[in-house]
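Input: a single structure, listed below in structure tokens.
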Amino acid sequence: MSSQPPKYAARHAEHFAMERRDGVLLLRMHTGGGPAVMSLALHHAWGEVLREAGADLDNEVLILTGTGEAWTGGLDPALLDRPPAQRGEDRYDLYRDGIALLRSLVFSVDVPTIGALNGPGYHQELALACDLTLCTPGTVFDDTHFRSGAVPGDGQHLVYQELLGLKRAARMLYTGAGVGATEALELGLVNEVVPDERLLPRAWELAAEIMAAPRATRRLTHAIVQRPWQRRLVDDLAFGRTHHLLNT
């Protein structure tokens, strides 16, 4: 088994740890070695790293995960403390980079993807839009934007509508009610719920099963699996993001 990080790993080391084994790239977000803190810099970095990983022909399967017991560990306080004038200046960056989160995953990555959700957090849509999604028993899925006075249009809403259906998604968006791991499995949000210590081993196992198929078969199957996401993003992503930022 060969293990070597890609050449661009050092460039993204502030936000992502990378490990590559026999064509399978594990991309683990972090902040200072712990759970990732959502910030303007991380928003921007996600789009960049996914585009670069997608362009790397040495990557044949991509695993996305977080660090510790949370997919993300909270918001950067600087996002909340910005004066109104600065928030206005940041709005376009939030629009551009928020769009890039899902767009880069769905349109720039041409290989099978596995989301390994290691707990609750912001922007779980990245893992939920992967071809296969695993989560730990402590993972909770929710969207609390509306409950806090914001429009729930930053991307999570779109994934809920696609995977849960309109009525279930509307209930989550209006109430902020959370869905636990067991219910998420029953509703079709995730493929498997696995113990914390088995999350990444199971992701590697699934990646190995995928890698057993011919290269063209892997990549063309991914194209079929991702086609509904491409349609959904073209139709709805910018619309939702724009409405979300109107009162941010």
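The values are calculated or read from the model by the stated rules, or taken from the named source; none is laboratory data. In this text the structure is predicted, and so the values were computed from the model without any measurement. All Cβ positions, glycine included, derive from the backbone under ideal geometry; neighbour counts span all protein chains shown. Side chains are part of the model used for accessible areas, which takes the heavy atoms of the whole protein and leaves out ligands, DNA and RNA. Shrake-Rupley method; radii C 1.70, N 1.55, O 1.52, S 1.80 Å.
Below, the figures for the structure above:
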read-out	value
Apportionment of accessible area to carbon and sulfur, the chain, percent (1.4 Å)	56 percent
Calculated P(r) tail over 15 Å for segment 1-45, as whole % of Cα pairs	44 percent
Label-point separation, Asp90 to Ser3 (7 Å along Cα→Cβ), nm	3.8 nm
Of the DSSP H helices in the chain, those whose Cα atoms cover at least 20 Å axially and whose Kyte score averages -1.0 or more	40-55, 84-108, 215-246
Cα→Cβ-extended label distance, 7 Å offset, between Asn247 and Lys167, nm	2.6 nm
Among Leu237, Leu25, Leu206: highest mean-square fluctuation, GNM of the chain, C-alpha pairs under 10 Å	Leu206
Gain in span if fully extended, Ile224 to Ser108, counting 0.36 nm per residue against the direct Cα distance	40.3 nm
Candidates Ile210, Ile224, Ile114, ranked by Gaussian network fluctuation over the chain, Cα under 10 Å, top entry	Ile224
Of all DSSP beta bridges in segment 1-146, antiparallel share, percent nearest 5	40 percent
Nearest-10 value in Å² for the accessible area of Tyr160, using the 1.4 Å probe	0 Å²
Estimated distance in nm for a label pair at Thr182 and Leu57, the labels positioned 7 Å out from Cα along Cα-to-Cβ	4.9 nm
Rounded accessible area per residue of segment 174-239, 1.4 Å, Å²	58 Å²
Probe 1.4 Å, all protein chains present, accessible-area order of Arg241, Arg198, Arg20, largest first	Arg198, Arg20, Arg241
Charge dipole (debye, nearest 20) of the chain; +1 at Cβ of Lys and Arg, -1 at Cβ of Asp and Glu	480 debye
Segment 108-248 - Kirkwood radius from inverse mean 1/r over Cα pairs (Å)	15.9 Å
DSSP bridge pairs, the chain: antiparallel proportion in percent, nearest 5	40 percent
Accessible solvent surface per residue of segment 1-49, calculated while the other protein chains remain in place, 1.4 angstrom probe, Å²	47 Å²
Mean separation of Cα contacts under 8 Å (6+ apart) over length of the chain, as relative contact order %	18 percent
GNM flexibility winner over the chain from Ala150, Ala53, Ala129 (Cα, springs under 10 Å)	Ala150
